[in-house]
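For reference, the structure is listed below as structure tokens.
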Amino acid sequence: MYRHIKESYNKQDFIGTRAVLEDGSLGEYEYESYTRIIEQAENLGSGLTYLKLCPEVNDFQDYYCRFIAVFSPNIPMWYKLDITTLLYGFTIVPLNNTLNPDSIAHVLNLSKIETLALHSMHEKKIVLLKAQGKLPYLKNIISMNNRTLKDSKKLFHVFTANQIIQEGSRHP
């Protein structure tokens, strides 16, 4: 479906963001095209697959899933990841910022999630849970907003979303 949309709508605007200007006001919308968004989603999926960041997990009886969790506000990379999960058959596990730390750990551990796509605003919560030994399965962090996650580097393999996309473009 998305590949058909990519061909049909090609260069048309798909997802837009507005920059916050120095005076605090919002600038004009800047859009990414259908082609760009879907190509990035395809490359993100190829990168996740190539780097083995979403291994199959036996979740229930003979049912296997390839999980990736996301803990981020709604930003363009969230949508790209969502499209990726549809294209590659991954199961996305969204975490809401209203969850308490024990609930976050429960959700991540229940499905033995190894990779979390994380916005930097939630980094401290995840680092604290890992340092407390409450996230035994979580091994990898993907920075959703491509920021350096200094504290996470001590406990996890850390990637930026752009690094995964670039890796996927080299290994389609």
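The values are calculated or read from the model by the stated rules, or taken from the named source; none is laboratory data. Because the structure is a prediction, the values reported are computed rather than measured. Counting neighbours? That spans all protein chains shown, and the Cβs are built from the backbone with ideal geometry, glycine included.
Checked against the criterion of being more than 21 Å from Trp78 (Cα to Cα), free of Cβ contacts under 8 Å to residues at least 60 places away in the same chain and either in contact with a helix residue (DSSP H, G or I) (Cβ under 8 Å, 6 or more places away or on another chain) or surrounded by fewer than 17 Cβ atoms within 10 Å (Cβ to Cβ) (or both), the candidates Asn162, Asn96, Asn109 yield just one match: Asn109. Scanning region 79-121 for residues that are among the hydrophobic types (A, V, I, L, M, F, W, C) and assigned to a strand (DSSP E or B) yields Ile92, Val93, Leu116, Ala117, Leu118. Quick one: in region 62-72, of everything that is modelled with pLDDT under 95 and of a type outside the set (D, E, K, R), which residue is surrounded by the fewest Cβ atoms within 10 Å (Cβ to Cβ)? Taking the candidates together, the pick is Tyr63.
Of all residues in region 125-157, those satisfying the criterion of being in contact with an Asp or Glu (Cβ under 9 Å, 6 or more places away or on another chain) and modelled with pLDDT under 95 are Arg147, Leu149, Lys150, Asp151, Ser152. Residues considered: Glu42, Glu30. Of these, the only one that is touching a residue at least 12 places away in the same chain (Cβ under 8 Å), out of contact with any strand residue (DSSP E or B) (no Cβ under 9 Å at 6 or more places or on another chain) and either among the charged types (D, E, K, R) or on the phi > 0 side of the Ramachandran plot (or both) is Glu42. Taking each residue of region 67-78 that is assigned to a loop (DSSP other than H, G, I, E, B) and looking for partners that are aromatic (Phe, Trp, Tyr) with beta-carbon atoms closer than 9 Å, six or more apart or interchain, yields Ser72/Trp78.
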